[in-house]
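Okay, so here's the structure we're looking at.
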Amino acid sequence: MNYNWDWGVFFKSTGIGSEIYLDWFVTGLGWTIAIALTGWLIALALGSLLGVMRTVPNRWISGIATCYVEVFRNVPLLVQLFLWYFLVPDLLPEPLEMWFKQDLSPATSAFISVVVCLGLFTAARVCEQVRTGIQALPKGQLAAGYALGFRLPQIYRDVLLPQAFRIIIPPLTSEFLNIFKNSSVASLIGLMELLAQTKQTAEFSANLFEAFTLATLIYFTLNMSLMLLMRLVEKKVAVPGLISVGGK
Amino acid sequence: MISIQNVNKWYGDFQVLTDCSTEVKKGEVVVVCGPSGSGKSTLIKCVNALEPFQKGDIVVDGTSIADKNTNLPKLRSRVGMVFQHFELFPHLSITENLTIAQIKVLGRSKAEATEKGLALLERVGLKEHAHKHPGQLSGGQQQRVAIARALAMDPVVMLFDEPTSALDPEMVNEVLDVMVQLANEGMTMMCVTHEMGFARKVADRVIFMDAGRIVEDCPKEEFFGDINARSERAQQFLNKILQH
């Protein structure tokens, strides 16, 4: 292979203003983190609500949550993104459609689409984990809550969810990492997050290998740090004498 | 205190309780026994409406459970229940286990609830474990905490659903001792248990159930007095559990 390696490329000028290529990666990483964290907030809030809904003793409520999960889990993420970005805005009421398409900057409207898309997609997966967490608890916990005079919402808040969330921290961590990785789909609707900046660097500088190596390292380091962070959280909330943490 | 009137309960087509009727008077200790699957746990869970029933009624301290307008959470907060598997809240400390319902259901202040909880913890002999979590205690200790947790609500009656069945043999007595003490203090108690020694010591009446029916319901002296006067099914049961 005849390839001109140049690891110094990141510090070279892009030819646009005073920017160097590394600046592009920093901006891209910023977008990636913003997309993932905002999407995660939506996923965690909505997913927890849906997970609770799936376990309540009411067929209609649990049915709605089940339908949600089946729809969002069985349609490819990219298809969902294109629906949210290209189709849904056309279905909005006229003023809202104009606002989305004309008043917002292209980056902002792409950001909104991808955050909604990732949030709702991941919510279906969080929902299933919350549901399993709740169902893994002994039936007697619910009975004990009732026997003490609690109402159902109180039992969820004070008895079931604090335990369920502790149980599902490991799978929830992988979902949290997934949303960072999945955020790269944003590059396909023109949002300049990490992957898009990498592609742009590769095209501008012709240093394809360096650009993608750096991107790989950034994704890897980011997710490794998040995993370690979540492990600390898991240790922090571990219940003495109950759940073993990190293989201990 | 508890009046069970012709209670019938079905799981689908299967009838688990058939025409169960009995009374538990204030201060009375009633032991419910019978083979597994006889419906005794189901019956006791009907008393605080943890299990719904389709026909009949149960009146607890003047409140009807079958009445649609009854505030069930309020009723349950006045009926203490102790479970076979303790069901302490594992993510909360012992103190929090004792106070959470006092604070959130009865509206007591944290200070008042803690004082009450710790006094009861001392009564069941576990004061030094207040800061621990349930997972750090033995089964017998957890069950004593569970009894204290129920008592903290100032119940008018206590229900025990096989409180010693999940315990190592060595730990059975520490739990029974607490229950005997409670009975001697005049607490109204309904206990599903196979501990016939306990029944002999403190029960006023013994109920024997089989196949969802109350087969025997008589004073303790009568129940243990002349085994040959018992129903055939009760005789079989007693012969098996009193043999050793």
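Observations, loosely collected:
- When the residues of the range B:28-73 are filtered to those that are hydrophobic (A, V, I, L, M, F, W, C) and open to solvent by 30 Å² or more (accessible area, probe 1.4 Å), the one that is nearest to B:ALA101 (Cα to Cα) is B:LEU72.
- For the range B:149-159, the criterion of being in contact with an Asp or Glu (Cβ under 9 Å, 6 or more places away or on another chain) and within 14 Å of another protein chain (Cβ to nearest Cβ) is met by at least one residue.
- Subset of the range A:24-39 that is among the hydrophobic types (A, V, I, L, M, F, W, C) and open to solvent by less than 30 Å² (accessible area, probe 1.4 Å) - its residue that is nearest to A:GLU175 (Cα to Cα): A:ALA36
- Per the conditions (1) within 20 Å of A:LEU41 (Cα to Cα); (2) within 14 Å of chain B (Cβ to nearest Cβ), the sole criterion not satisfied by A:VAL114 is (2).
- On inspection, A:LEU188 passes the criterion of being away from chain B (no Cβ under 14 Å), out of contact with any Gly (no Cβ under 6 Å at 6 or more places or on another chain) and not charged (D, E, K, R).
- Condition met for B:ILE44 (more than 14 Å from B:MET189 (Cα to Cα) and either in contact with a Leu (Cβ under 6 Å, 6 or more places away or on another chain) or not small (Gly, Ala, Ser) (or both)): no
- Residue within the range B:155-173 that is surrounded by 14 or more Cβ atoms within 10 Å (Cβ to Cβ), closer than 30 Å to B:ASN97 by Cα, polar (S, T, N, Q) and without any contact (Cβ under 8 Å) to a residue 12 or more places away in the chain present: yes
- Residue selected from the range B:87-112 under the condition among the charged types (D, E, K, R) and away from chain A (no Cβ under 11 Å), by the criterion surrounded by the most Cβ atoms within 10 Å (Cβ to Cβ): B:ARG108
- Residue match in the range A:58-73 (condition: in contact with a His (Cβ under 8 Å, 6 or more places away or on another chain) and outside any helix (DSSP H, G or I)): no
- Options A:LEU148, A:LEU195; residue that is touching a helix residue (DSSP H, G or I) at 6+ places or on another chain (Cβ under 8 Å), more than 10 Å from chain B (Cβ to nearest Cβ) and modelled with pLDDT of 95 or more: A:LEU195
- For the range A:37-45, the criterion of a residue being part of a helix (DSSP H, G or I), within 15 Å of A:GLU210 (Cβ to Cβ) and of a type in the set (Phe, Trp, Tyr) is satisfied by no position.
The values are calculated or read from the model by the stated rules, or taken from the named source; none is laboratory data. The model shown is predicted, which means the values in this text are computed figures rather than measured ones. Cβ sites come from the backbone with ideal geometry, for glycine too, and all protein chains shown count toward neighbours. Quick note on the areas: whole protein, heavy atoms, side chains included, nothing else; ligands and nucleic acids left out. Shrake-Rupley method; radii C 1.70, N 1.55, O 1.52, S 1.80 Å.
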